Amino acid sequence: MSLTLLTGGARSGKSSIAVRRAGRLAAPVVFVATGQAGDAEMADRIAQHQAERPGHWTTVEAPTELAAAAAALSPGLSVVIDCLSLWVSNLMGRGDDEAAVLEQAHELGRWARSYPGTVLVVTNEVGAGIVPMHPVSRDYRDRLGRVNAIVAGYAELAQLVVAGRTLTLDPLED
């Protein structure tokens, strides 16, 4: 019964760390994927991620209904959710307003905190760069930042991944 949030920049090693950690656990692993192959480049990225994980793992695709897909999982599994970044993008593309996205993040966090198994959640840190010029890009950055903070608030462990290394973040202060 633990939730770990792994955040960091693109290609920082977050997914690889989540896959390695899940692979070391005794419980069967379920990989919950939020990515969608909307173009050839994204299809290649998805294929690369699939090649990193063992073929006997179960994959659940949940591009928008992440909390519902997680809630439907059997107890006692090791769960890798990869990633919140694409999930938020998919929700925005669907037209979900910010309040709906944040409520879904809380729903996911509550599920993960109480799930009888290990949950590893991967997400991108997008707030460390320049302020985007376009309002949609700023909205995405802000929503993802809030979603990350919400899920991290439910997490037993939150780590920043840089160059394949982790830095443990201090626990949430009251």
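Annotations for the structure displayed:
- In summary, Pro75 fulfils each of the numbered conditions (1) open to solvent by less than 40 Å² (accessible area, probe 1.4 Å); (2) assigned to a loop (DSSP other than H, G, I, E, B) with the single exception of condition (1).
- Being under 22 Å from Gly13 (Cα atoms), touching a strand residue (DSSP E or B) at 6+ places or on another chain (Cβ under 7 Å) and free of Cβ contacts under 8 Å to residues at least 12 places away in the same chain holds for only one residue in Thr123, Thr168, and it is Thr168.
- Unmet requirement for Ala43, which otherwise passes all of (1) in a helix (DSSP H, G or I); (2) small (Gly, Ala, Ser); (3) within 24 Å of Leu160 (Cα to Cα): (3)
- Against the numbered list (1) without any contact (Cβ under 8 Å) to a residue 60 or more places away in the chain; (2) exposed (fewer than 14 other Cβ atoms within 10 Å of the Cβ), Asp142 comes up short only at (2).
- Restricting segment 82-117 to residues that are out of contact with any Leu (no Cβ under 7 Å at 6 or more places or on another chain) and outside any helix (DSSP H, G or I), the residue that is most open to solvent (accessible area, probe 1.4 Å): Asp97
- Selection count where residues are surrounded by fewer than 11 Cβ atoms within 10 Å (Cβ to Cβ) and touching a residue at least 12 places away in the same chain (Cβ under 8 Å), scope segment 42-64: 1
- Scope segment 17-34; condition open to solvent by 30 Å² or more (accessible area, probe 1.4 Å) and under 18 Å from Ile46 (Cα atoms); matching residues: Arg20
- Residue within segment 137-157 that is farther than 20 Å from Ala33 by Cα, touching a Ser or Thr at 6+ places or on another chain (Cβ under 8 Å) and not β-branched (Val, Ile, Thr) present: yes
- Segment 24-42, residues that are of a type outside the set (D, E, K, R), over 17 Å from the mean Cα position of the chain (by Cα) and at pLDDT 90 or above: Leu25, Ala26, Ala27, Pro28, Ala40
The values are calculated or read from the model by the stated rules, or taken from the named source; none is laboratory data. Fair warning: this is a prediction, and the values are worked out from it, not measured in the lab. A quick note on method: Cβ atoms are made from the backbone with ideal geometry, for glycine too, and the neighbour counts reach across all protein chains shown. The area values use the complete protein model at the heavy-atom level, side chains included, leaving out ligands, DNA and RNA. Shrake-Rupley method; radii C 1.70, N 1.55, O 1.52, S 1.80 Å.
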